[in-house]
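S.K.: Got a structure for you, written out below as structure tokens; questions coming shortly.
Please treat every number below as a calculation from the coordinates, not as lab data. Keep in mind it's a predicted model, so treat the numbers as computed, not measured. A quick note on method: Cβ atoms are made from the backbone with ideal geometry, for glycine too, and the neighbour counts reach across all protein chains shown.
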Amino acid sequence: MSAQTQINVVLDKFYYPFLQAFPTLKDLAQAPLEQVLILWKGLGYYARAKNLHKAAQICMAQHGGYLPRSYQALLALPGIGAYSAGAILCFGFKEAVGVVDANVSRVLLRLFGMDISSKTLKTDLQNQANAFVNVANPFDHNQALIDLGALICTPKNPQCHLCPLRFACQGQNDTERFSLLKKTPSIALTQHYGVCVDQGGLYLSLPQKGLYAGLYQFPLLKEQELVSLPFIGTIKHSYTKYRLQIKLYQANLHDLVPTNLKKMPLSQLDQIPTSSMTAKIWHLCQKRRILS
Ligand code: SF4
């Protein structure tokens, strides 16, 4: 939940309502996906909600209604990668497993002067973390490393003079060399979307597959060049590697790409699952009084 939302906002608005709605894996597994997506609305990264739902169903079908306690079985669940599997085992089950997120990776690379060009860097980092973990208290050990990476051993200007690992750190004099991977540059895209309101209803598309599957979207316009419809405004939105510039126009039904279009009553729009991008467009339309 906190992948792109501040933790205080998550705790304030999302975490407890989600747990209240789905107090057990069984409740989550049996809920319709649409209900899960509605409670996730505003958090972004909807694939996580879908994976969580699917993982709960697999736990019910294959693990007696519990999360498995083995690293490999956790990795086999949708949405659970090395970091989550390690975190569940350590923080959930108190197992002596290294928890490797981006911050911990940086600490380990510098501390042990690891070979950043290694082809097996991910495995090397997990092995190093497992070897380094304090078996008497893996919980505090992993939490401390995560905090150290976030607060002291930062990507730029690490505060080595405050670091409790300084006495053993091999990378402290050349921290840049051990800094992880440059981010791949994002791709800028401009897309033109239509807002079509007709007799108290708004046309939205409901993709069946892809990133936004199951989430209502404003539809793309058929015409993506030199659009001559009445212009509403522009919003900016980023997802995965894309930086979108979204241009909005008042449109008629025949202007829209006709992919699984649904006419939704305006009064019910806050009760359907939508993406953060849709919420931003919705907000702009309200500001411009297009949807009132
Ligand atoms: S001494 Fe500096 S580079 Fe080494 S782990 Fe501590 S903060 Fe990071």
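S.K.: Top mean-square fluctuation among P273, P158, P78, Gaussian network model of the chain, C-alpha springs under 10 Å?
M.R.: Result: P158 has the largest fluctuation of those listed.
S.K.: Between K209 and Q191, what length in nm is gained on full extension when 0.36 nm per residue of separation is reduced by their alpha carbon distance?
M.R.: 4.5 nm
S.K.: Trypsin sites (Lys or Arg not before Pro) within the range 172-237: which are DSSP loop residues with at most 12 other Cβ atoms inside 10 Å?
M.R.: K182, K183, K209
S.K.: From the Cα trace of the range 153-222, what convex hull volume per residue do you get, rounded to a whole Å³?
M.R.: Convex hull of Cα atoms, per residue: 211 Å³.
S.K.: If I take R0 = 41 Å and measure r between the Cβ atoms of Q250 and E34 in this structure, what FRET efficiency does the formula 1/(1 + (r/R0)^6) give, to the nearest 0.05?
M.R.: 0.90
S.K.: Going by a ≥ b ≥ c, the root eigenvalues of the Cα gyration tensor, does the range 187-287 fall in the rounded group (a/c under 1.5), the prolate group (a/b larger than b/c) or the oblate group?
M.R.: Judged from the Cα gyration tensor, the range 187-287 comes out rounded (a/c under 1.5).
S.K.: If the cut-off is a Cα-Cα distance under 20 Å, which lysines reach K13, setting aside same-chain residues fewer than 8 apart in sequence?
M.R.: Filter leaves K41, K50, K280.
S.K.: Still on this structure, I have one more. In nanometres, what is the gap between the two model label sites at K222 and S2, each 7 Å from Cα along Cα-to-Cβ?
M.R.: 4.8
S.K.: Determine the sum of side-chain charges near H237: Lys and Arg each +1, Asp and Glu each -1, restricted to other residues whose C-beta is under 10 angstrom from that of H237.
M.R.: +3
S.K.: Using a Gaussian network model of the chain with C-alpha springs under 10 Å, which one of T274, T24, T240 is most mobile by mean-square fluctuation?
M.R.: Comparing T274, T24, T240 in a Gaussian network model of the chain, the most mobile one is T240.
S.K.: Let me ask something else. Please compute the length gained on full extension between K54 and K287, using 0.36 nm multiplied by the number of residues separating them and subtracting their Cα-Cα distance.
M.R.: Length gained, K54 through K287: 80.2 nm.
S.K.: If you find the alpha carbon centre of the range 25-88 and of the range 198-246, how far apart are they in angstrom?
M.R.: Their Cα centres are 28 Å away from one another.
S.K.: Using 0.36 nm per residue of separation minus the Cα-Cα distance, give me the extension gain between K26 and Q199 in nm, one decimal.
M.R.: 58.2 nm
S.K.: Continuing with this model, one more query. Given R₀ = 51 Å, what would the calculated FRET efficiency be for K13 paired with N134, taking r from the Cβ atoms and rounding to 0.05?
M.R.: It comes to 0.90.
S.K.: If I model a spin label at S118 and K156 as a point 7 Å from the Cα along the Cα→Cβ vector, what separation in nanometres do I get?
M.R.: With each label placed 7 Å out from Cα toward Cβ, I get 2.8 nm.
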